[in-house]
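Worksheet: one structure, shown below.
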Amino acid sequence: MDAAAEVLLIIVSATLTVFLIIFSIALIFLIRVFRRATEVADSVESAASAVKKGVTAMPVINLVSKIISRKRKG
């Protein structure tokens, strides 16, 4: 193998090594971001469920408050 081929092999190997290290770090970062996104989605889903339950109970609460206010007036 002549010198030019060896230099090219070293350059390509070093570039590949740097690329693999950067790719690994980026992959770890993306996994963390996706885990946080999943946690946020779960919390938003639970908050939406709580709001839905509250909205479902709202007519009953309004009815009870109207009955109480009429009893106080009468």
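Quick note: the coordinates plus some simple rules give every number you see, no bench work behind them. The model shown is predicted, which means the values in this text are computed figures rather than measured ones. Glycine also receives a Cβ, built like all others from the backbone with ideal geometry; neighbour counts cover every protein chain displayed.
Remarks
- Straight-distance crosslink candidates among lysines, where the alpha carbon sits under 25 Å from residue 53 and sequence neighbours closer than 8 are dropped: 66
- Net dipole in debye of the chain [+1 Lys, Arg Cβ; -1 Asp, Glu Cβ; about Cα centre; nearest 20]: 1660
- Matching label, mean projected area of the Cα convex hull in nm² computed from the structure shown, candidates [x] 6.0; [y] 4.6; [z] 7.3: [z]
- Dipole of the chain, positive end: most advanced residue of 14, 46, 68 [Cβ charges, Cα centre]: 68
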